[in-house]
1. So which residues in segment 97-130 are assigned to a loop (DSSP other than H, G, I, E, B) and either touching a strand residue (DSSP E or B) at 6+ places or on another chain (Cβ under 7 Å) or surrounded by 13 or more Cβ atoms within 10 Å (Cβ to Cβ) (or both)?
2. Confirm whether LEU84 is outside any loop (DSSP other than H, G, I, E, B), over 14 Å from the mean Cα position of the chain (by Cα), of a type in the set (A, V, I, L, M) and surrounded by 15 or more Cβ atoms within 10 Å (Cβ to Cβ).
3. Which one of the conditions (1) away from the ligand (no atom under 16 Å from the Cβ); (2) under 14 Å from the mean Cα position of the chain (by Cα) does GLU130 fail to meet, given that it meets all the rest?
4. State which residue is least open to solvent (accessible area, probe 1.4 Å) when the search covers only segment 139-169 and only residues that are assigned to a helix (DSSP H, G or I) and acidic (Asp, Glu).
5. Select from segment 30-43 the residues that are outside any loop (DSSP other than H, G, I, E, B) and free of Cβ contacts under 8 Å to residues at least 60 places away in the same chain and write down the one among them that is surrounded by the fewest Cβ atoms within 10 Å (Cβ to Cβ).
6. Please go through segment 51-84 and give me each residue that is within 23 Å of PHE163 (Cα to Cα) and among the aliphatic types (A, V, I, L, M), ordered by number.
7. When you scan segment 53-78, how many residues do you find that are open to solvent by 20 Å² or more (accessible area, probe 1.4 Å) and in a helix (DSSP H, G or I)?
Amino acid sequence: MLQQKMIDALNKQINEEMYSAYLYLSMSSWFESIGLKGFANWMKVQFQEEMEHAMKFYNYLLAQGAEIKLLAIEQPPNKWNSPLHALEDTLKHEQHITSRINELVDLSEELKDRATYNFLQWFIDEQVEEEANVREIIDNLKLINDNTNGLFLLDRELGTRQFQPQNAE
Ligand code: OFO
């Protein structure tokens, strides 16, 4: 059984993950609007992954018999100055999520909540991977600078990303 402080924090995290999904879907639509379909695909996969993250928290709360409280989702921006600007915003957002996950781990330790501590380990690893993936695209964009051929090739590569559903338990 979870303590109320943890239930509230996990409900808040469902909202954070839903906002992440909203943000990346918004970025996907912006990339569509500027003709970068590969970037748009990459962001749409990102959106699907975030929905899966939200559902992991949701299912965990249900499994623990806790009350789900869905909070209002903030409106994300829908325009960026450049692909680099959008990816830098993505990295900033992922760093924010990493600190939220770390705070949840701290709380689980403070409350001696072993089950939640274990549950959160998957997210610790996931954040390392998420930040690394985004950093790689940022590095590529910096190398390309304003070279259209380079951008075309990167767009083609990002278009190959596919959503790999995981067990959202
Ligand atoms: Fe992007 O990892 Fe969840 O929010």
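1. Applying the first criterion (assigned to a loop (DSSP other than H, G, I, E, B)) to segment 97-130 yields 111-113.
Listed by number, the residues that qualify are LEU111, ASP113.
2. Working: outside any loop (DSSP other than H, G, I, E, B): yes; over 14 Å from the mean Cα position of the chain (by Cα): yes; of a type in the set (A, V, I, L, M): yes; surrounded by 15 or more Cβ atoms within 10 Å (Cβ to Cβ): yes.
Yes: the conditions hold for LEU84.
3. The number of the failed condition is (1).
4. As a first pass, look at segment 139-169 and keep what is assigned to a helix (DSSP H, G or I): 139-144, 148-158.
Right, trim to acidic (Asp, Glu) and you get 139, 155, 157.
On the way: ASP139: 86, ASP155: 23, GLU157: 107 Å².
Selected residue: ASP155.
5. Initially, segment 30-43 is screened for residues outside any loop (DSSP other than H, G, I, E, B), giving 30-33, 37-43.
Next, from what is left, pick out any that are free of Cβ contacts under 8 Å to residues at least 60 places away in the same chain: 30-33, 40, 43.
Numbers: TRP30: 19, PHE31: 23, GLU32: 15, SER33: 11, ALA40: 20, MET43: 26.
Selected residue: SER33.
6. Residues of segment 51-84 within 23 Å of PHE163 (Cα to Cα): 51-60, 76, 78, 83-84.
Hits for segment 51-84 are MET51, ALA54, MET55, LEU84.
7. 6
Matching residues to (1) within 11 Å of the ligand (Cβ to nearest atom); (2) without any contact (Cβ under 8 Å) to a residue 60 or more places away in the chain; (3) over 30 Å from LEU2 (Cα atoms); (4) in contact with a Lys or Arg (Cβ under 6 Å, 6 or more places away or on another chain):
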site: LEU84; (1), (2), (3), (4): no, yes, yes, no
site: LEU87; (1), (2), (3), (4): no, yes, yes, no
site: ARG114; (1), (2), (3), (4): no, yes, no, no
site: GLU126; (1), (2), (3), (4): yes, no, no, no
site: GLU136; (1), (2), (3), (4): no, yes, yes, no
site: ASP139; (1), (2), (3), (4): no, yes, yes, no
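The values are calculated or read from the model by the stated rules, or taken from the named source; none is laboratory data. Keep in mind that this is a model prediction, so the values were computed, not measured. Here Cβ is always computed from backbone atoms with ideal geometry, including for glycine, and neighbour counts include all displayed protein chains. With ligands, DNA and RNA removed, areas are computed over all heavy atoms of the protein, side chains included. Shrake-Rupley method; radii C 1.70, N 1.55, O 1.52, S 1.80 Å.
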